[in-house]
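The values are calculated or read from the model by the stated rules, or taken from the named source; none is laboratory data. Here the structure is a predicted model, which is why all the values come from computation and not from measurement. No Cβ is skipped: glycine too gets one built from the backbone with ideal geometry, and neighbour counts run over all protein chains shown. SASA here: full protein model, heavy atoms, side chains in, ligands and nucleic acids out. Shrake-Rupley method; radii C 1.70, N 1.55, O 1.52, S 1.80 Å.
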Amino acid sequence: MKLLRTPDERFQDLPQWPWPPRYLDDLRGFEGIRIHQVDEPGQPGAPTALLLHGNPTWGYLYRTMIPVFLKAGLRVVVPDLIGFGRSDKPADASFHRFTSHRHFLVSLIERLDLSNVMLVVQDWGGILGLTLPMSMPERITRILAMNTMLPLGEVSEGFLQWRNYCNGTPDLAVGRLLARGRPELTSAEQAAYDAPFPDAHHKAALAAFANMVPDAPEAEGADIGRQAARFLKEEWSGQSLLAIGQRDPVLGEPVMRRLAATIRGCPEPLLIPEAGHFVQEWGEPIARHALRHFGWA
């Protein structure tokens, strides 16, 4: 399998991104693929915040939330999914499968021996990540979900438009896309979102992930999603919080309220009226609210 690796110099001097890169290349089932994550220690015995990004972003999306969790004493782990960020990028789009990426997350959590985890997810971070608590309930104790969904084998017209856009735009300008929803983004911040992708060859994951979303009951991942929904509704005993960017036309309030109804004991969601799909761009107050909600502030 041909792997592409973004040159390190593209990640120099990123605004609001002081954390050194940490790499693994011996992850069970993914040996030889270099995986990048932020992994900053917390106070002894403190919970772990596991922050999972989606498509087409990388860990940089969490840059305003990471300091809040670190200041509270939490260990913070922010992996880049395979194909994104500083992680290796398979040149062949066929590498990207729902079950493979889910297995990657399971292997990473086990490899880092994460416990007492607050699972922080958005977009694909939740499509994959919300299926994890049923497999490791002893590790995951809290959920903070933003503008995401469970993979149940059904998609909206808005999502199909996004999929068509990804398939028709092999050299998607990621920074410009983020700025459409957050015009305040500086040119340096937009460049940071573009940093992992020096050319279209490095962007195979972007369209692949759009096509991975289970769009029929028999699609790969849909059965796992239905199992996860049953677990969250009937057996989940942890705490949860949902934050909704209300300007998201695809995974906005209607989708998130259905998710809230699926999670046992989920309180009224936190609404962010000015936020769009990439709600972490408004993430600092969300992180502070989560600390208060979970009793860590």
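Worth a mention:
- Partner lysines for LYS203 [C-alpha distance under 20 Å; skip if fewer than 8 residues away on the same chain]: LYS2, LYS89
- Peptide packing: for 116-125, 223-232, the average count of neighbouring Cβ atoms within 10 Å per residue gives the ranking 116-125, 223-232, highest mean first.
- Looking at the range 1-54, the accessible area is 54 square angstrom per residue; that uses a 1.4 Å probe and ignores ligands, DNA and RNA.
- Each Cα pair under 8 Å and six or more residues apart adds its sequence gap; the mean of these over the residue count of the range 155-204 is a relative contact order of 38 percent.
- Relative packing of 237-243, 59-65, which averages over residues the other C-beta atoms within 10 Å, highest first: 59-65, 237-243
- For the residues GLU220, GLU234, GLU281, a GNM of the chain with alpha-carbon springs under 10 Å puts the largest fluctuation on GLU234.
- Here the chain exposes an accessible surface that is 49 percent carbon and sulfur, computed with a 1.4 Å probe and the other protein chains kept in place.
- Computed over the range 122-196: relative contact order in percent, which uses C-alpha pairs under 8 Å that are six or more apart: 25 percent
- Think of the range 1-79 as a dipole: +1 on every Lys or Arg Cβ, -1 on every Asp or Glu Cβ, centred on the Cα centre; then among LEU52, THR6, VAL38, LEU52 lies furthest on the positive end.
- Mean sequence separation of contacting Cα pairs (under 8 Å, at least six apart), scaled by the length of the chain, corresponds to a relative contact order of 21 percent.
- Computed over the chain, the P(r) curve from all C-alpha pair distances, binned at 10 Å from the origin, holds 6, 30, 40, 21, 2 percent per bin.
- Amide H contacts under 5 Å for ILE140: VAL117, restricted to partners 5 or more places along the chain or on a different chain, H placed in the peptide plane at 1.01 Å from N.
- Whole-angstrom gap from the range 37-70 to the range 179-221, using each part's C-alpha centre: 19 Å
- What the pair-distance distribution of the range 1-75 shows, using all Cα-Cα distances binned every 5 Å from zero, is 3, 12, 19, 24, 20, 13, 7, 1, 0 percent.
- Comparing mean-square fluctuations of LEU132, LEU81, LEU185 from a GNM of the chain with C-alpha springs under 10 Å, the top value falls on LEU185.
- Distance from the C-alpha centroid of the range 96-141 to that of the range 242-271: 20 Å, rounded to the whole angstrom.
- Residue among ASP39, ASP25, ASP88 with the largest mean-square fluctuation in a Gaussian network model of the chain, springs linking Cα atoms under 10 Å: ASP25
- For the range 211-262: accessible area per residue (Å², 1.4 Å): 47 Å²
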